[in-house]
C-alpha cells in the first residue's frame, strides 16, 4: 500500500506505519534506513492528507534519525519538516509543527547548528498562522527553548524570536484565552535567554502583576456577590469565580523571571505590590494557585529578600499549613520555599521549628514518597541545621537514614551543599543521633564528586570523631562491613 498509485491507499499505509511504531519498534528498526527516506519524500506529496499523516508518522520515528545527527537523514528531515511548517494547507502546518516539536525534544543540542533556519521558519509562521495553529507554534517555540537552552540567547536569535512574541503579547487582551499558551511559551524562552531577556522583562513583569491583581479582584467580587445573595435568602449562592488559569500562568512566568533575572528583578518588585498579591494568592482555595504561589515566593526570597523581609513572618504560618504530602505539588513547593526562607532569616527560624519539624519528619518517613518531594524535604531539613542545629539535632535519628538515601543521588550543587553543611552541624551537636546509621551518612558523604574545602573538612571531622568515639577495634569492625566500592572512595577522600 505504501507504493500504491491511489493516494488514499498510500495514506492508510503511512498511517499504519506510524500506528505500529511504539509496539513494533524492535522489528521495525532494521527497515528504518529505507522507510525514513521514503517518508521524507512523501512530505512532498501533492495531496495534503498524505503530507499531514506523513508528518505524524515521522514524529513516531524521529528518535532513530537523531541517533546520527551528522547524517544526511537528520539534515533532510529538518529541512523538509520546516518546509511543511510553512505549508499552504493549515492541516499540514498543524501536523508539521507538532511533529517538529517532538523532534526538538529528541534532538536537543543537536539543533543548534540549524537555529537560523528554524527561527526563520518560526518567524515566518507567525505571519501565516491563525488561531489553533498559533497555539501549536507557541508550543514548538517553547520546546525549542527548553531543548537548546542558553544557545537561544545569542544576540541574533534572542531578538529574532522575541519580536513576534512581544508583538502578539501586545495585541492580546488580558482576558484572551490565547494568553495562556503565549505566557507558557515566553516562560520557557525567558529561562533560556536568562539575562538576554532583560529588554522584555519590565513589560512582561508589569502585565503579569496586572493579570494577578485583576483576577484576584474578580474573585473577591464574586465572593462578595454570592455572600449578599445568601443574606437575601438566595439559594445556591456559589460564587461565579473567574478563570484561575490566568492567575496560575502569570505566577509561573513571574517565577521564571525571578529565577532567570535575579539581578534585575529587584526594582520591579520594589515598584509593585507583588508581595501583597503573593500573600493573598498563598491563601487561595485552589491547590494549583497555591502551588505556583509558593514557587514564586521561594524565587522572590532568593532574588530580592529585602522586599519581603518585613512580611516574611506572615508567610511562614501559611507555608506550615500546606505541608500535607497528599497534595504533592503544593507540599513540595511549600517545603522548598521554607528552605529558601530559612537561608535568609537565620536563627529567627528557631521559633518555627516546633511547628515545622514534626511535619517535615513525617514527609521524610512516608512510604514511597515522590523523589522530588523527598529531596526538597531533605534539603530543607538540612538547611534548618545551619541556624537551628541545637533545636533540630535531638531528632536526627528520626530522619537521618531517609535523608542520606535521598540526597546520595543528587548531583553536587549549592542547595545540596547548604543541606550537608547543616546536617554536619547537627551531627556535631548530637553524634549519637547518627550512631546507628553511620554507614548511610558515609554513603551520602561519598556521593560528593567535588565537595568544597569547607565541606570536606566538616566531613573529615565527623568521620575522625566517630572513629575516636567507638575505639580502634569497633572502628576496624565497622570498616570491614563497608562495601568495597564505598570503602575505596572514602579511603581516597578521607584516609580511612
Q: Express the relative contact order of the chain as a whole percentage, based on alpha carbon pairs under 8 Å and six or more residues apart in sequence.
A: 7 percent
Q: Before rounding to the nearest 500, sum -39500 (n - 2.57) across all DSSP H runs of length at least 4 in the chain and divide by the residue total; then give [θ] at 222 nm in deg cm²/dmol.
A: -23500 deg cm²/dmol
Q. Do you know the relative contact order of the stretch 1-171, to the nearest whole percent, from alpha carbon pairs under 8 angstrom that are 6+ apart?
A. 18 percent
Q.
Neighbour counts of other C-beta atoms within 10 Å: give me 148, 278 arranged from fewest to most.
A. 278, 148
Q. So how tilted is helix 90-107 from the main axis of the chain? Cα-based, degrees 0 to 90, rounded to 10.
A. 40 degrees
(Q) Neighbour counts of other C-beta atoms within 10 Å: give me 450, 217, 377 arranged from fewest to most. (A) 450, 217, 377
Q) How high is the relative contact order of the stretch 364-496, in percent, with contacts defined as C-alpha pairs under 8 Å that are six or more residues apart? A) 25 percent
Q. For 245, 87, 240, what's the fewest-to-most ordering of other Cβ within 10 Å of each Cβ?
A. 240, 245, 87
Q: Starting from the Cα gyration tensor of the chain, multiply each eigenvalue by 5, take the square root, and state the resulting semi-axes largest first in whole Å.
A: 47, 35, 21
Q: Give the distance, in whole Å, between the Cα centre of the stretch 323-377 and the Cα centre of the stretch 99-126.
A: 40 Å
Q: Enter the angle in degrees (range 0 to 90, nearest 10) between the Cα long axis of helix 472-481 and the first principal axis of the Cα atoms of the chain, meaning the one along which they spread out most.
A: 20 degrees
(Q) So if each residue of separation counts as 0.36 nm, and I subtract the Cα-Cα distance between residue 368 and residue 245, what length gain in nm does that give? (A) 41.2 nm
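Readers should treat all values here as calculations from the given coordinates under stated rules, not as data from a laboratory. Keep in mind that what you see is a predicted model, and the values were worked out from it rather than measured. So basically every Cβ, Gly included, is an ideal-geometry build from the backbone, and we count neighbours across all protein chains shown.
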